[in-house]
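Any read-out appearing in this document is the output of simple, stated calculations on the displayed coordinates, not a laboratory observation. Everything quoted here is computed from the prediction, not taken from an experiment. Cβ atoms come from the backbone with ideal geometry, glycine included; neighbour counts cover every protein chain shown.
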Amino acid sequence: MSGLAHFIERQGIPTVVVSLVREHITQMKPPRALHVPFQFGRPFGAPDSPDFQRRVLTAALRLLERCDGPLIEDFPESAPDVATDTPDDQQGWVCPVNFSGPKVAPDSPEAFRQRLHQEIVLLQPWYEESVRRQKGRRLDGLTTLSPRQIADHLFSYLHNQGIPSFVTGEPMARAIKLCADDLKHYYYQAALARPGRATGIAVDNWFFGDTAAGRLHIELRRLLKAMDDPALRRIGEMNLVPHAMLHHATD
């Protein structure tokens, strides 16, 4: 969209880009851009929140008054959680599995690996129920690896960056992205069978805030962002943890 904005501007038509990924607009430098810290797929925040969406739209349109670009402004508000009005929804979302007990840090290798395996096993019945309800449709399946295999590969890479790619025919950066997405989607597939309803933000907060798999994504992001390889660094910066979930990566 940033490249298209440059083309349209050359025709004399002012443009403004609403961007969910700040790195994109920083590199492409569109004439005017509003960066919003929202979930992917929701550039105006959340459904059924017209007042909030109007504030985002107004902030974007006000940039059309500026002629000193290329410029980037950051929208100062976080997206609201989705409001619901049914009795079940008001009770809040119930996680399929309560991962109780003290959290284990990734620098306690064997204990952390066991915690990952335990989560995967506990979620398996919910995952299978979700696939059944969805008539066989799955969120995961980008690789042929099982969730446990993926968890082991990603965890091994976290502690030893010299291992070979664990996805046949793919460079390490691509292998990490595919496997991280597959592991996350396994958890999200299980969450689809949850009691009650939840917003995407609630499930994101559960994954990145309460699960060992989410912590694995956060630690991989921290590692890859410091890598010299630009492909690995790009995966760390853009693909492992959504911008709206970065508050889980500050501890």
- Query: Rounded, prolate or oblate: which fits the range 113-183, taking a ≥ b ≥ c as square roots of the Cα gyration tensor eigenvalues, rounded meaning a/c under 1.5, else prolate when a/b beats b/c?
  - Reply: oblate
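Order the peptides 111-119, 44-52 from the highest to the lowest mean number of other Cβ atoms within 10 Å of their residues.
Ranked from most to least packed, the peptides come out as 111-119, 44-52.
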- Message: Using a Förster radius of 35 Å, what is the FRET efficiency between Ser156 and Leu246 based on their Cβ-Cβ separation? Nearest 0.05, please.
- Response: 0.90
- What angle do you read, to the nearest 10 degrees and between 0 and 90, between the alpha-carbon axis of helix 50-62 and the longest principal axis of the chain? 50 degrees
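From the Cα gyration tensor of the chain, with a ≥ b ≥ c the square roots of its eigenvalues, which class applies: rounded if a/c is under 1.5, or else prolate if a/b is larger than b/c, or else oblate?
oblate
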- Message: I'd like the distance between the alpha-carbon centres of the range 165-182 and the range 57-82, rounded to an integer number of Å.
- Response: 35 Å
- Rg to Rh, two decimals, where the range 143-193 supplies the alpha carbon set and Rh follows Kirkwood: 1.00
- Task: Using a cut-off of 13 Å between beta-carbons, work out the net charge of the residues near Val56 (Lys and Arg +1, Asp and Glu -1, Val56 not included).
- Result: 0
- Taking Cα atoms, the helix 200-210 axis meets the longest principal axis of the chain at an angle in degrees (rounded to 10) of 50 degrees
- Query: What is the Cα radius of gyration of the range 2-74 over 2.2 N^0.38 Å, N being its residue count?
  - Reply: 1.09
- What nm distance separates the two modelled labels at Arg10 and Arg148, each placed 7 Å from Cα along Cα→Cβ? 5.6 nm
- Message: I want the local charge near Arg234. Using Cβ-Cβ distances under 13 Å, sum +1 for each Lys or Arg and -1 for each Asp or Glu among the other residues.
- Response: +1
- How large is the dipole of the chain about the Cα centre if only Lys and Arg carry +1 and Asp and Glu carry -1, each at its Cβ, rounded to the nearest 20 debye? 460 debye
